[in-house]
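A quick write-up on the structure given underneath.
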Amino acid sequence: MKRNPSRILLLMLALALPSAAVMAQDSKAGAGKPVATVNGKAIPQSRFDTLLAQQKAQGTAESDDLKKQIKEELIRRELLSQEATKKGLDKKPDIAAQMDLARQSVLISAYLQDYVKTHPISDEQLKKEYDEIVKQMGSKEYKARHVLVDKEEDAVVIIEKMKKGEKIEDLAKQSKDPGSKDKGGDLGWAAPANYVKPFADALTGLQKGKYTEKPVKSDFGYHVILLEDVRDMKLPTFDEAKPGLAQRMQQQQVQNQIMELRKAAKIQ
């Protein structure tokens, strides 16, 4: 049975590193003449530069028309913001809390950008990680079917039925694995590293066309496994894997930093 994503992995996936669209502006941004003045309040150039950078990061070409649109958007925002302030909406607890969270999000984004920039992942680190993954994945991948049940005696009954000629595709209907039971227990092609260790060890110990003659126990229950086929694995080259690997390692690095900050913090 394939591994479930770990909590750390889920958190890594949920942790979106800041995009170029919200990169911190140059320290000179905001200097000079305001973009516009609305009811006596100036709109700083830095806001214009930020929105322009966001649009360019999304693939929009810089043009006079785009600049006019951004200016109008900033004026519209300022007008609405002023009206909201006049009504005292900024003093409402729920609105104030949302504003605090928005400010916090910007600071977090800036911190993560700075951390990634000052802690780059070297090619040497990437190659080491790539080689380790290749080593863990192995050179073969396996096509298997299985039936998963709660009790060992139920797995023994299934094995006895297979010995009498019953097909695992039919027996899989009683499996408790929702991902494969309706597919005759088919798990598709996968490397052993994709499975929990007891399952992987049993799978790699089988010959093509054979099944486990004793139940295989894992944290999920008891498995009966049939190995249908084996083939050489085609892995991406280092250059092909490098971009995704770099992103994953950056995310892990940031996650580790967050954990270190939490360990060092005084939390009551």
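Computed values, structure above
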{"quantity": "Cα Rg, Dmax, region 140-232, angstrom units", "calculated": "11.8, 35"}
{"quantity": "For the chain, calculated [θ]222 nm from helices alone, where every DSSP H run of n ≥ 4 adds -39500 (n - 2.57)", "calculated": "-16500 deg cm²/dmol"}
{"quantity": "Straight-distance crosslink candidates among aspartates and glutamates, where the alpha carbon sits under 15 Å from residue 91 and sequence neighbours closer than 8 are dropped", "calculated": "83, 100"}
{"quantity": "Order of 248, 47 - criterion: other Cβ atoms within 10 Å of each residue's Cβ, fewest first", "calculated": "248, 47"}
{"quantity": "Region 134-172: trypsin sites (Lys or Arg not before Pro) falling in loop per DSSP and having at most 16 other Cβ within 10 Å", "calculated": "151, 164, 167"}
{"quantity": "Residue 41 versus residue 56: modelled label distance in nm, points set 7 Å from Cα along the beta carbon direction", "calculated": "2.8 nm"}
{"quantity": "The chain, Rg to Rh (Cα coordinates; Rh as Kirkwood inverse mean 1/r)", "calculated": "1.18"}
{"quantity": "When region 124-178 is reduced to its Cα atoms, the Kirkwood hydrodynamic radius in Å", "calculated": "14.1 Å"}
{"quantity": "Calculated on alpha-carbon atoms, Rg and Dmax of region 66-177 in Å", "calculated": "30.4, 82"}
{"quantity": "Where labels lie 7 Å past Cα in the beta-carbon direction, separation of residue 83 and residue 268 in nm", "calculated": "4.5 nm"}
{"quantity": "√(5λ) per eigenvalue of the Cα gyration tensor, region 32-90, largest first, Å", "calculated": "24, 13, 9"}
{"quantity": "Test item: Cα-centred dipole of the chain, Lys/Arg +1 and Asp/Glu -1 on Cβ, debye", "calculated": "560 debye"}
{"quantity": "Amide H partners (placed H, <5 Å) of residue 233, local residues excluded", "calculated": "140, 141"}
{"quantity": "Loop-located trypsin sites (Lys or Arg not before Pro) in region 59-131, at most 16 other Cβ atoms within 10 Å (DSSP)", "calculated": "87"}
{"quantity": "Longest segment of the chain lacking GluC sites (Glu not before Pro) that sit in a DSSP loop with at most 13 other Cβ atoms within 10 Å", "calculated": "63-165"}
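Values quoted throughout were computed directly from the atomic coordinates according to the rules given, and no laboratory measurement underlies them. The structure presented is a predicted model; accordingly, all values stated were derived computationally and were not measured. We place every Cβ from the backbone using ideal geometry, glycine too, and count neighbours over all the protein chains shown.
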